[in-house]
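Undergrad: Structure below; questions to follow.
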Amino acid sequence: MFDFKPFYLKHVQKVFGVVYSYLLNQEDSEEVTQDVFLKVFEEFDSFRNESKISTWLYRIAVNQSLDFLRRKGREKRRFQNTELSGDVCSVVHLSSNTNADNDIRSNEVKKVYEDALSQLTEEQRSIFIMSNELGMTISEISGILEKPSNSITTAKHRAVKKLKEILLTNLGNNEKN
Amino acid sequence: MGIEMKNEEYNDLRNFRVVPEISPNEMWNKFQSVKNKKSSVSKWLVSSVAAVWFVVMWISIDSLQNKSQENASSFYEDLKLTDNTIYND
């Protein structure tokens, strides 16, 4: 009998990350993450070893997220700063942010960064987050999204370029001033 | 004027984190309660459907029985009528 708990504990943060990259909302992402694992729990017998189990799991996460967005009719959901400043919300980790000034500045940068991310397309954003934050390789993302690796690489480059442009416009740059 | 960004921060987007950290154990506990809730709802649904099916079947069998009784008595009446007709003839 398959022991579901270790499997759940091992993958939950990453599944949550994948879902969050689409929904950009913690509460909704937690709900959809539970739906993903419920689906996996119920359909575990139907899993065929054509792909890795983690690929199958993350693919379900992507599909459930897209279904959720379709259901709610929120194709382009904007960040809500109030929701993001919750108890377990992450803070953008910038090096040497140890004093209060740096923390304030870090939060401002974080807001701009989140806003910049929300301006990407869903696919660009999810590819960027999966690669940048969740540490997934291009071939893993390609398997999850069922798209060729070169499309994923192109989308990632476009996302990085667009993000830098937005950040440059909104934050300025010491070296350029 | 907005805040300025250091060049190394801007260039290295790997420094940024936006996905919140969650507690796997808390999520697991929530998952267990969602799963139990769902399973009790499906049990309730199955028993409700079974109950409705039983009532419908019972009503249909009852009405079939009534119909066959009516048919039997009308056949008997017809038979009596025919007998009488023959006798009277």
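Nothing in this text is a laboratory measurement; each read-out follows from the coordinates by a stated rule. Model, not experiment: these values are computed from the prediction. All Cβ positions, glycine included, derive from the backbone under ideal geometry; neighbour counts span all protein chains shown.
Undergrad: What does the charge dipole of region A:108-174 about its Cα centre add up to, to the nearest 20 debye, if the Cβ of each Lys and Arg holds +1 and the Cβ of each Asp and Glu holds -1? Spell out each step's value before the answer.
TA: On the way: 9 positive and 9 negative charges, 46 e Å.
So the dipole magnitude of region A:108-174 works out to roughly 220 debye.
Undergrad: Putting +1 on Lys and Arg Cβ atoms and -1 on Asp and Glu Cβ atoms, find which of A:S54, A:L24, A:F37 reaches farthest to the positive end of the dipole of region A:1-56.
TA: The Cα lying farthest towards the positive end belongs to A:S54.
Undergrad: What FRET efficiency would be calculated for the residue pair A:S139, A:K72, taking the C-beta separation as r and a Förster radius of 41 Å, to the nearest 0.05? Before the final figure, lay out each step's value.
TA: Details: r = 31 Å, r/R0 = 0.77.
Approximately 0.85, to the nearest 0.05.
Undergrad: Right, next: When N is the residue count of region B:22-88, what does its C-alpha Rg come to as a fraction of 2.2 N^0.38 Å? Display every interim value, and only then the final one.
TA: Values: Rg = 28.8 Å, N = 67, 2.2 N^0.38 = 10.9 Å.
Output field value: 2.65.
Undergrad: Oh, and also: Quick one: Cα convex hull volume of region A:1-76, Å³ per residue? Can you show the working numbers first?
TA: Working: hull volume 6.9 nm³, N = 76.
Looking at region A:1-76, the number lands at 90 Å³ per residue.
Undergrad: Would you tally the net charge around A:L134, using a Cβ to Cβ cut-off of less than 11 Å, leaving A:L134 out, and scoring K and R as +1, D and E as -1?
TA: Details: positive: A:K14, B:R17; negative: A:E133, A:E140.
Within the 11 Å Cβ shell, the charges total 0.
Undergrad: Then there's this: Pop the C-beta distance of A:V160 and B:N15 into the FRET formula with R0 = 22 Å and round what comes out to the nearest 0.05. Provide the component values of the computation, followed by the final result.
TA: Values: r = 13 Å, r/R0 = 0.60.
Computed FRET efficiency for A:V160 and B:N15 comes out at 0.95.
Undergrad: How far apart, in nm, are two points set 7 Å out from the Cα along the Cα-to-Cβ line at A:E42 and at A:S151?
TA: 2.9
Undergrad: Which pairs in the list A:K5/B:K30; A:K111/A:K164; A:K39/A:K162; A:K14/A:K52 are over 24 Å apart, alpha-carbon to alpha-carbon?
TA: Numbers: A:K5/B:K30 12 Å; A:K111/A:K164 15 Å; A:K39/A:K162 35 Å; A:K14/A:K52 15 Å.
The pairs that break the limit, which is 24 Å between Cα atoms, are A:K39/A:K162.
Undergrad: Which value, in debye to the nearest 20, describes the size of the charge dipole of region A:1-76 about its Cα centre when Lys and Arg Cβ atoms bear +1, Asp and Glu Cβ atoms bear -1, and nothing else is charged? Can you show the working numbers first?
TA: Working: 12 positive and 12 negative charges, 58 e Å.
I would put it at about 280 debye.
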